[in-house]
Amino acid sequence: MAVLAKIRQRSALLIGVIALALFAFIIQDLFTRGTFGQSSKDVGSIDGKDISFEDFRVKVSNVEKSGQGISSTEAANRVWDQEVSIALLSSQFDKLGLRVGEKHLLEVLKADPNIGKNPMFLNAAGMFDIAKFKEYIKTNPEAAQYISEKEKDATLNAKFQIYNTLVKSGLYTTASEGKLKYEMEANKVNFAYAAGLYSSIKDSEVKISDSDIVDYMKKNEKKFKADETREIQYVLIEDKASKEDEAEIKAKITSLLSGSVVYNAKTAKNDTLPGFRNATNIAEFVNANSDIPYDSTYVAKNNLPAVDADKLFSLAPGEIYGPYVYGKYYCISKSQGFKAGVNAKASHILIGYTGSQTPNTKEKRTKEEAKAKAEEILAQVQANPDSFMMLAFTSSDDSSAQQGGDLGYFGPNQMVKPFNDFVFSNGIGKVGLVETPFGFHIIKITDKQDGIRLATIAQKIEPSEATSDKVFTLATKFEMEAADKDFNATAKELGLKVAPPVTAKAMDEAFGSLGNQRNIIRWAFDKETNTGDVKRFELANIGHVIAQYKSENKSGLVSVSLARPYVEPILKNKKKAEMLKAKMTGSSLEAIAKSAGVAVQQATNVTMDNPVLPGGVGQEPKVVGNAFALTANKISAPIEGNTGVYVVKNISVVKAPAITNHAEYVAKVKAQSASDASRILPALKNNAKIEDNRLQFNY
C-alpha cells in the first residue's frame with residue numbers, strides 16, 4: 001500500500017518523464033527517417049533541375065506493373081536513367097532551339113503501331129487517315145487525354161531524331177583523312193629489331209603495391225571514375241539437407257513402392273493399402289504422395305531428365321524406375337505407355353496480306369494476291385522440295401524466314417487451329433497450303449517425336465527441422481562472435497568459408513553469386529551502419545548470410561581490388577621495361593641484342609594499318625611507328641611496346657604510289673566513325689552535375 005501511495009504522489013512526474021521519452025523518440029525518428037532526416041523532397045537533380053519524388057514514384061510504379069516481374073530496384077534504376085537522359089538531352093534541345101511541327105509530330109505518332117496500324121484510323125486502301133484520327137480525338141475526350149500524353153513522348157522523340165541527324169551531319173570525314181588511311185594501308189617498312197620480352201622476367205620478381213595502383217588510377221582518372229562503393233565480405237551457411245536427411249527421404253519414397261498395413265479404427269482391423277506398383281488409381285496415388293501433382297501429358301525423350309532419359313524412355317508399360325535424383329527431388333516413375341507423334345517439327349512460308357494479323361509484310365497485297373502467290377510457291381516447292389529453305393528466306397513474311405522457315409518442335413494446340421490440324425493429321429514430309437488469320441502458310445512437316453506418359457512421385461530434398469535448427473544455431477553463433485572478433489579468424493575457427501568480398505554501389509541489387517539481395521546492400525549504405533559491423537540475413541530457400549561491412553570507397557575511383565587485374569599487368573610491364581632497358585646497351589643492333597641475350601630479327605612489308613610483328617608477337621604500333629620515322633640504317637632508342645622493349649633499325653621504307661581519288665578510303669574512315677554519335681549521351685553524363693538522393697527514399 002505504501003508503494004502504491006508513493007506512485008500516486010509521483011504520478012504527475014512519471015507521466016511527464018514518459019511524455020518526454022516519447023517526445024524524444026518521435027524527434028529522433030523525425031531526424032533519422034522523417035522530415036528533418038530527409039535532406040530533400042526531391043529524388044535527385046540533374047544540372048540543377050530537380051526530379052520530384054512523387055512523379056518519380058509514380059513512374060517507377062508504372063514500370064513495375066508493366067515490367068512482368070521486374071524488381072522495384074531495377075524499375076527505379078530504369079526510370080532514373082531515363083530521367084537523366086531526358087533532362088540532359090532536353091537541355092541540349094533548348095540550347096539549339098529545336099521545335100517540332102504538327103506534320104513531324106504526326107509522323108512520329110504514326111510510327112506507334114497502336115495508332116498507325118489501328119483499323120479505326122485507316123482508309124479503304126489501308127493507309128493512315130489523318131482526318132479520321134483527328135475526328136476521333138475531337139469526339140473522344142478520353143482518347144484526347146491519351147494522345148496528349150503520347151504527344152509529350154512523341155515530341156521528345158521527334159526532337160531527338162532532329163538532334164541525332166544534326167550530330168551525324170556534323171561528323172564529317174575529310175579527303176586528308178582518306179589520304180592518311182590509304183598511306184597507312186599502303187606504305188610499307190622493312191626493319192631489323194632486337195626485342196627484350198616482358199615474359200622473360202618472372203612476375204614474382206616484380207611487386208605492385210596498392211598505392212602504386214591508386215597513383216596510376218589518379219593519373220588516369222577518367223578511365224577509373226566510379227560512384228561511391230561499399231565493400232562487403234560475407235559467409236554463407238546454406239540451409240540444405242544433410243546426408244542423413246537425403247537418406248531418410250530416399251527411404252521414404254522407396255517405401256511407397258510396396259503396400260503398407262494401416263490400422264483402421266472404425267473396423268478395429270488392419271487394412272492393407274496398395275503401393276505404387278499395384279495402385280489402381282495411379283493419379284490419386286501420385287497426388288496423395290508427391291510434392292508435384294500428377295501430369296498426364298506425353299513427354300518426348302529430349303524433355304526427360306538428361307541423366308536418366310534413356311532408362312525412363314525405354315520403360316515398358318507398368319514398369320517402374322527409381323529412386324533417382326532430378327534437380328531438388330527424389331523421384332520414382334512408372335510408365336503408362338507410349339504415343340506416337342506427340343511433338344512435331346515443321347517449316348512454313350507465310351504470305352500475309354493487308355488486313356491479316358501479320359504485322360509486317362514484305363510487300364502490300366490483297367488477300368486474293370496473297371493466295372495466288374502462296375499457290376505459286378506451293379507449286380515450286382512440290383516441283384523442287386529442296387527449294388523450300390531459299391523460298392522461305394526470300395518470300396516469307398514471318399520472322400522464321402531467317403531460319404529458312406523452321407519453327408522447331410511444338411506440341412498439340414500450340415499453333416493456331418488450321419495450322420495445328422494440318423501438322424498433326426499428316427505424316428513427315430507432307431507439304432500443303434493452309435489459311436489462318438495470319439495469312440496463307442505453305443507448310444512442310446519435317447519431323448515428329450514419340451512420347452511416353454510417366455506417373456512420377458517426386459519428393460523435395462530439403463533439410464529436416466533438426467538440420468535447420470543446427471544451421472540457425474551456427475549462423476547465430478558466428479554472427480555474435482564475429483561482431484567482437486576478427487571476421488576471417490572466427491570463420492576459420494568454426495570451419496566456415498569467407499566468400500570473396502562484394503563491391504557494391506548504392507543502387508546495386510546483385511550481390512555476388514547470391515543474385516538480387518538488395519536488403520544487404522541497403523544495410524551497408526545505411527547511415528547507422530559503421531565499418532566493421534556484422535549482421536545476419538536469412539535468405540529464403542538458401543540459408544543464412546552473415547555479412548560484414550568491410551570498407552567504403554569515397555575516392556570517386558574504383559576499388560583497388562577491382563582495378564588490380566587491369567592495372568597490375570601494366571605497372572609490372574613498366575617496371576620490367578626499366579629492367580630490360582638497363583640490359584640493352586651497345587652501339588650497334590647486334591651488340592644490343594647480345595647484351596639482352598636475344599637474336600636480331602627481321603620484319604618485312606609491315607604497315608601502320610596492321611602493325612603486326614612476325615612470330616606471333618602481335619600488334620606493336622609504337623615499334624612500327626618508330627621504324628617508319630627513322631631514316632635508313634638509323635637505330636632507335638629503346639621503345640616500350642605492348643609485349644616488350646624493342647630497339648629497331650630502319651632498312652627501308654616503300655612508299656605507295658600517289659593516287660588522285662581517296663574516296664574509297666574516306667568511306668572506310670567514315671564507317672569506322674559511324675557509331676560516334678552514340679557517344680554523345682555518355683559524354684553529357686560525364687560532364688553533368690548529377691545528384692542522386694534515391695537512398696533517402698528507401699530505394
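Remarks
- Length released on extending from Ala268 to Lys225, taking residue separation times 0.36 nm less the Cα-Cα span: 7.5 nm
- Length-normalised contact order for the range 367-467 - Cα pairs under 8 Å, 6+ apart - percent: 21
- 19 Å cut-off, amide nitrogen to a point 7 angstrom out along Thr174 Cα→Cβ, residues in the range 656-699: 659-674
- Taking 27 Å as the limit for the C-alpha separation, the pairs Lys65/Lys103; Lys41/Lys554; Lys301/Lys328; Lys117/Lys367 exceed it in the case of Lys65/Lys103.
- For the range 149-213, applying the loop criterion from DSSP together with a ceiling of 12 other beta carbons within 10 Å to the chymotrypsin sites (Phe, Trp or Tyr not before Pro) yields Tyr172.
- Computed from the Cα positions only, the extents of the range 550-658 along the three principal axes stand at 60, 40, 23 Å, in decreasing order.
- Gyration tensor (alpha-carbon) shape descriptor, the range 571-620, a/c threshold 1.5: oblate
- Which of Arg78, Arg522 is most accessible, then next, and so on - probe 1.4 Å: Arg78, Arg522
- For the residue pairs Lys371/Lys444; Lys497/Lys535; Lys59/Lys134; Lys243/Lys460; Lys485/Lys550; Lys202/Lys576, the alpha carbons lie more than 19 Å apart in Lys59/Lys134.
- Asp215/Lys583 FRET efficiency (R0 30 Å; Cβ-Cβ; nearest 0.05): 0.70
- Lys pairs, the range 600-689 - Cα-Cα below 20 angstrom, 8 or more residues apart or on other chains: 5
- Think of each Lys and Arg Cβ as +1 and each Asp and Glu Cβ as -1; about the Cα centre, that makes the dipole of the range 213-285 roughly 200 debye.
- Cross-link reach list, lysines versus Lys266, counting only Cα pairs under 28 Å and skipping chain neighbours closer than eight places: Lys252
- Excluding ligands, DNA and RNA, the accessible surface per residue across the chain is 59 Å² with a 1.4 Å probe.
- Taking every C-alpha pair closer than 8 Å and separated by at least 6 residues, the mean separation divided by the residue count of the chain gives a relative contact order of 23 percent.
- Pairwise label distance in nanometres, Ala599 with Ala683, each label 7 Å out on the Cα-Cβ vector: 4.9
- Value at 222 nm in deg cm²/dmol, rounded to 500, when DSSP H runs of n ≥ 4 in the chain each add -39,500 (n - 2.57): -13000 deg cm²/dmol
- Shape of the chain, Cα gyration tensor, a/c cut at 1.5: rounded
- Positive-pole candidate from Leu684, Ala632, Ala667, dipole of the range 631-699, charges at beta carbon: Ala632
- Within the accessible area of the range 251-366, the carbon and sulfur atoms contribute 52%, probe 1.4 Å, all protein chains present.
- For the chain, the Cβ-based charge dipole about the Cα centre amounts to some 1120 debye (Lys, Arg positive; Asp, Glu negative; other atoms uncharged).
- Full-stretch length increase - Ser673, Lys311 - with 0.36 nm per residue and alpha-carbon distance subtracted: 124.5 nm
- Three-way shape label, the range 93-231, alpha-carbon gyration tensor, a/c 1.5: prolate
- Additional length obtainable on full extension of the chain from Ala143 to Asn519, 0.36 nm per residue less Cα span: 131.2 nm
- Only the Cβ atoms of Lys and Arg (+1) and of Asp and Glu (-1) were treated as charged; on that basis the dipole of the range 301-392 about its Cα centre amounts to roughly 300 debye.
- Whole-percent carbon and sulfur share, accessible surface of the range 474-533, 1.4 Å: 49
The values are calculated or read from the model by the stated rules, or taken from the named source; none is laboratory data. Because the structure is predicted, anything quoted here is derived from the model rather than measured. Don't worry about glycine lacking a Cβ; one is built from the backbone with ideal geometry, like all the others, and counts go over all protein chains shown. Surface accessibility is based on the protein's heavy atoms, side chains included, excluding ligands, DNA and RNA. Shrake-Rupley method; radii C 1.70, N 1.55, O 1.52, S 1.80 Å.
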